[in-house]
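The structure appears right after this line, and notes come after that.
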Amino acid sequence: SRQWRGVIEEYRERLPVSATTPVVTLREGGTPLVPAQVLSERTGCEVHLKVEGANPTGSFKDRGMTMAISRAKEEGAQAVICASTGNTSASAAAYAVRGGMVCAVLVPTGKIALGKMGQALVHGARILEVDGNFDDCLDLARGLSEKYPVALVNSVNPARIEGQKTGAFEVVDMLGDAPDIHVLPVGNAGNITAYWRGYREYADTTSPLGAPATRTPRMWGFQASGAAPIVRGEPVRNPATLATAIRIGNPASWTQAEAARDESGGIIDEVTDREILSAYRLLAAQEGVFVEPASAASVAGLLKAAARGEVDPGQRIVCTVTGNGLKDPDWAVAGAPPPITVPVNADAAAERLGLA
Ligand code: F0G
């Protein structure tokens with residue numbers, strides 16, 4: 001047996017790296033594909049969770065960041081910059097440390113989960129809080145990268161999408177073929193773009209590398225109702241959702257997400273914050289998988305479609321759950337019954353536990 005080497009070494013032949021690219025890695029990827037028993041029962045399907053919270057910084061961003069930072073280092077960059085709703089900044093900060101680079105991040109003031117802010121801080125990123133939303137932060141980061149010697153590592157950087165497509169490769173490698181449906185939360189729309197590219201490449205019979213998959217899945221993406229520009233068909237000026245990771249009103253990969261939907265015969269729909277929280281609690285309490293609220297949008301979408309009778313039974317479905325629940329524990333604590341205090345006394349403890 002050997003240790004998983006990270007997505008660049010595991011999928012080197014399918015990624016834009018050369019023998020001389022300096023590989024900056026925290027051995028990301030190789031994340032669990034967990035059978036979801038309760039979701040399978042509810043939908044009459046075979047549902048799996050791709051648990052991306054198991055990545056080194058706790059989200060799927062690490063797959064793209066190992067590529068973006070490695071390529072930036074290859075090109076001689078000494079500093080990188082990103083706009084973020086939290087996870088990209090956490091990942092960029094960690095990989096910049098590994099690559100010996102300075103990292104600057106632009107985040108919307110007051111709209112970043114505490115755990116993610118803590119990650120950027122502890123990895124030594126230079127953090128600017130912007131009096132605006134994510135879309136404003138991305139405009140600013142793009143402008144800075146055009147004028148100053150700093151590499152942009154948002155998903156508008158093609159290396160990011162290349163790295164993130166490995167999520168689809170892993171699903172096929174684990175299941176033996178593509179699923180019928182792949183479900184994702186959609187924010188800036190980079191990840192649905194990346195998965196679709198990965199599935200297409202793996203099913204491309206003209207590839208000299210071979211085709212591990214015989215088919216591609218339908219891509220299902222879900223936005224939060226208060227931040228659903230693709231569903232509305234126009235940018236949302238003041239996006240609002242408790243799922244701060246996907247609080248985005250004008251996604252950078254908008255057209256690519258629509259292409260993924262249309263080419264795959266899929267959908268992009270919305271879920272309410274209430275549906276997101278309900279899926280968030282179900283995942284934790286019934287599947288044993290603790291994700292952050294934005295991640296639960298995929299599962300919320302699947303449950304919504306199933307309740308409407310739009311999910312034919314017997315299908316194989318993969319939901320990517322994008323980030324670790326520990327990043328944003330406020331929602332785990334809020335609304336839960338508070339712990340009970342007991343003296344150091346077995347009888348009292350047993351009574352409170354309902355054992356006596
Ligand atoms: N889930 C989580 C946990 C995220 O952090 C993000 C995006 C998404 C889903 C949506 O993915 O943008 O590729 O459609 N977070 C970015 C960030 C915007 O800055 O961390 P997407």
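Values as computed for the structure displayed
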read-out: All-pairs alpha carbon distance profile, segment 234-289, 5 Å steps from 0, percent; value: 4, 15, 18, 20, 18, 16, 8, 1
read-out: Label-to-label distance, nm, for residues given as Arg27 and Asp312 (7 Å Cα→Cβ offset); value: 4.2 nm
read-out: Per residue Cα convex hull volume in Å³ - calculated over segment 170-213; value: 71 Å³
read-out: Packing-based order for 345-353, 265-273, using average beta carbon neighbours within 10 Å, highest first; value: 265-273, 345-353
read-out: Projected-area mean, the chain, by convex hull of Cα positions, square nanometres; value: 20.6 nm²
read-out: Of Val24, Val299, Val321, the one that fluctuates the most in a GNM where the chain has Cα springs shorter than 10 Å; value: Val24
read-out: Where N is the number of residues in segment 104-147, Cα Rg divided by 2.2 N^0.38 Å; value: 1.15
read-out: Rounded to 5, percent antiparallel among DSSP beta bridges of the chain; value: 15 percent
read-out: Net charge of Cβ neighbours under 13 Å - reference Ala257; Lys, Arg +1; Asp, Glu -1; value: -2
read-out: Dmax and Rg, reported as Rg then Dmax, of segment 263-356 (C-alpha, Å); value: 18.2, 63
read-out: Choice from Lys147, Lys50, Lys304 showing the highest fluctuation, given a GNM over the chain with Cα pairs closer than 10 Å; value: Lys147
read-out: Top of Pro208, Pro35, Pro339 by mean-square fluctuation, Gaussian network on the chain, Cα under 10 Å; value: Pro339
read-out: Alpha carbon centroid spacing (whole Å) that separates segment 1-70 from segment 88-114; value: 20 Å
read-out: Equivalent ellipsoid dimensions for segment 96-247 as semi-axes, Å, which come from the Cα gyration tensor, largest first; value: 31, 21, 14
read-out: Percent of Cα pairs exceeding the 19 Å cut-off, where the set is segment 165-246; value: 44 percent
read-out: Likely footprinting exposure, Thr88, Thr206, Thr66, Thr25, fewest C-beta neighbours within 10 Å first; value: Thr206, Thr25, Thr88, Thr66
read-out: Estimated distance in nm for a label pair at Ile340 and Leu209, the labels positioned 7 Å out from Cα along Cα-to-Cβ; value: 5.6 nm
read-out: Taking N as its residue count, the alpha carbon Rg of segment 110-176 over 2.2 N^0.38 Å; value: 1.45
read-out: Separation in nanometres of the label points that stand 7 Å from Cα toward Cβ, at Ala350 and Ala284; value: 3.1 nm
read-out: Helical mean residue ellipticity (222 nm; -39500 (n - 2.57) per DSSP H run of 4+; nearest 500) of the chain; value: -11000 deg cm²/dmol
read-out: Binned Cα-Cα distances of segment 1-139, short to long, each 5 Å bin given as a whole percent; value: 2, 10, 17, 18, 17, 13, 10, 7, 4, 1, 0
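Laboratory data are not the source of any read-out in this text; all were calculated from the coordinates shown. This is a predicted model, so every value here is computed, not measured. Glycine also receives a Cβ, built like all others from the backbone with ideal geometry; neighbour counts cover every protein chain displayed.
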